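The values are calculated or read from the model by the stated rules, or taken from the named source; none is laboratory data. The structure presented is a predicted model; accordingly, all values stated were derived computationally and were not measured. When we count neighbours, we look across all protein chains shown, and the Cβ atoms used for this are built from the backbone with ideal geometry, even at glycine.
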Amino acid sequence: MVRTAITAEQLPAPVGPFSMAIRDGGLLFLSGQVAQDPATGELIDGDTGRQTEQILNNLAAVVAAAGKSLADVVRVGVYLTDMADFATMNEEYSRHFTAPYPARTTIGVAALPLGATVEIDAVVA
């Protein structure tokens, strides 16, 4: 299989040696995203709910660049710096996905890039 990098022109380039997404066969693997403003690359202002909204909008842009939508997401990984924000994240998350929902893992972590409170990655079929 040939691996192909996927980028979304409206989002800032990754700040490290990784791709926004890689297509490998029939699957698309999206790198973790924090709530970067597409215009500036800076972390947006806002709580975990607002950050979750921005992340899912950014992930939707990457998925669209690959000819897919969030409806094609089969697995999501969520990383929170404070598990007390789970309900806030979950409320915003539920606005972007419908049943049957993707499989998901939520993990508490000590810190995230740019001081974010949430990071999300995904796998798309």
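The table that follows gives values for the structure above.
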read-out: Residues of the range 27-48 satisfying the condition of being assigned to a strand (DSSP E or B) and among the aliphatic types (A, V, I, L, M); value: 27, 28, 30, 43
read-out: Cβ pairs under 6 Å, 6+ apart, first in the range 97-125 and more than 17 Å from residue 60 (Cα to Cα), second among the aromatic types (Phe, Trp, Tyr) and surrounded by 13 or more Cβ atoms within 10 Å (Cβ to Cβ); value: 107/79; 109/79
read-out: Among the candidates 60, 116, 122, residue that is crowded, with 16+ Cβ neighbours inside 10 Å, at pLDDT 95 or above, over 11 Å from the mean Cα position of the chain (by Cα) and not β-branched (Val, Ile, Thr); value: 116
read-out: Scan of the range 1-51 for residues that are under 18 Å from residue 109 (Cβ atoms), exposed (fewer than 13 other Cβ atoms within 10 Å of the Cβ) and touching a strand residue (DSSP E or B) at 6+ places or on another chain (Cβ under 7 Å), ordered by number; value: 18
read-out: Hits in the range 76-89 - residues which are surrounded by 16 or more Cβ atoms within 10 Å (Cβ to Cβ) and either among the basic types (Lys, Arg) or in a loop (DSSP other than H, G, I, E, B) (or both); value: 81
